[in-house]
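Contents: one structure, followed by commentary.
The values are calculated or read from the model by the stated rules, or taken from the named source; none is laboratory data. Keep in mind the model is a prediction, meaning the values are calculated, not measured. Cβ coordinates were reconstructed from backbone atoms using ideal geometry, including for glycine residues, and neighbour counts include every protein chain displayed.
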């Protein structure tokens, strides 16, 4: 019989409390406070490394705002949804505001009008906002009536540098909430809060500390390891001990890779498929293969896609410049 995953250990679950993120949550609540009295809020940016809690913080704060007000909310993953029209349409659907479809030629303007025509303001969270194809979209959202954008990015300065001068300046007038990587003790507290919330038993002393050490500041990785260890321990009818962690780390990482691959759009998946097929491939050879499928893609786009795959552990990169090579996870072992 398979062991089900406790809800508190699901990767996308927003917890009822977030240890060590009180300051960030307070900043975000203050930034959204004008909406509680029907006033517009400034655009907001949340930045930080993978696993620092950016998405969870944004979802937590927006959930609390939704409980207290009648504002509409939408969360769009721009790693998967990158064009202007697709982002605006998904925002409408997520907020349950879409009233009509539109011809492709003017879909974006129609979807924006529907957002502006809503009875209540909308807080639109753009996760992985650095992957938005249309660099003018932030400016459009700044000018839209009743729309408060929250941009969730890895590197604030790099994101701001992609925007034109006026839009970058406008972004900088709003709050910037920067999250740092968690410390080992902070990760232990996060894991313990999940254990307590789920009333999970059979986890021995020292196990959470080892998981936190293994995850090196990445909360998503730590929770994934705990999840795999807990499920495996139940399947073996054993307690969750430090000895079990080494057995489940790679399955936990594979689970995260699968989760991330499911979020990717076609160009990212194609590059990963090419690298997986080759096992190991030179950057120039990969560029030639990719150009056959996407002749209009710029080199910077391809490099950005590859950086995403590396960041999320879907592939490995070796070398630099003309000597750069990309490896599949299997080949890199």
- Quick one: which residue in 127, 134 is in the same structural domain as residue 49 (by TED's automatic domain parsing), surrounded by 19 or more Cβ atoms within 10 Å (Cβ to Cβ) and in contact (Cβ under 8 Å) with a residue 24 or more places away in the chain? 127
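Find the residue count for the range 289-316, including only residues that are out of contact with any strand residue (DSSP E or B) (no Cβ under 6 Å at 6 or more places or on another chain) and either free of Cβ contacts under 8 Å to residues at least 24 places away in the same chain or part of a helix (DSSP H, G or I) (or both).
Within the range 289-316, residues that are out of contact with any strand residue (DSSP E or B) (no Cβ under 6 Å at 6 or more places or on another chain) and either free of Cβ contacts under 8 Å to residues at least 24 places away in the same chain or part of a helix (DSSP H, G or I) (or both) number 19.
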- Query: Tell me, which residue of the range 235-247 that is surrounded by fewer than 18 Cβ atoms within 10 Å (Cβ to Cβ) and part of a helix (DSSP H, G or I) is farthest from the chain's Cα centre (by Cα)?
  - Reply: 236
- Residues of the range 101-113 being assigned to a helix (DSSP H, G or I) and over 17 Å from residue 72 (Cβ atoms), in sequence order, are 104, 105, 106, 107, 108, 109, 110
- Message: Go through (1) assigned by TED's automatic domain parsing to the domain that holds residue 141; (2) surrounded by fewer than 15 Cβ atoms within 10 Å (Cβ to Cβ) for residue 54 and report which single condition fails.
- Response: (2)
- Query: Taking into account only those residues within the range 57-71 that are touching a residue at least 40 places away in the same chain (Cβ under 8 Å) and part of a helix (DSSP H, G or I), which is surrounded by the most Cβ atoms within 10 Å (Cβ to Cβ)?
  - Reply: 58
- Message: Can you tell me how many residues within the range 114-139 are in contact with a helix residue (DSSP H, G or I) (Cβ under 7 Å, 6 or more places away or on another chain), outside any loop (DSSP other than H, G, I, E, B) and farther than 20 Å from residue 80 by Cα?
- Response: 4
- Has the range 295-317 got any residue that is at pLDDT below 95, over 28 Å from residue 13 (Cβ atoms) and over 25 Å from the mean Cα position of the chain (by Cα)? yes
- When (1) assigned to a loop (DSSP other than H, G, I, E, B); (2) buried (at least 18 other Cβ atoms within 10 Å of the Cβ) are applied to residue 15, the one that fails is (2)
- Only one of these is modelled with pLDDT under 95, part of a helix (DSSP H, G or I) and in contact with a helix residue (DSSP H, G or I) (Cβ under 8 Å, 6 or more places away or on another chain): 185, 255, 168, 224. Name it. 255
- Task: Quickly run through the range 258-279 and pick out the residues that are touching a helix residue (DSSP H, G or I) at 6+ places or on another chain (Cβ under 9 Å), modelled with pLDDT under 95, part of a helix (DSSP H, G or I) and within 24 Å of residue 220 (Cα to Cα).
- Result: 259, 260, 261, 268, 269
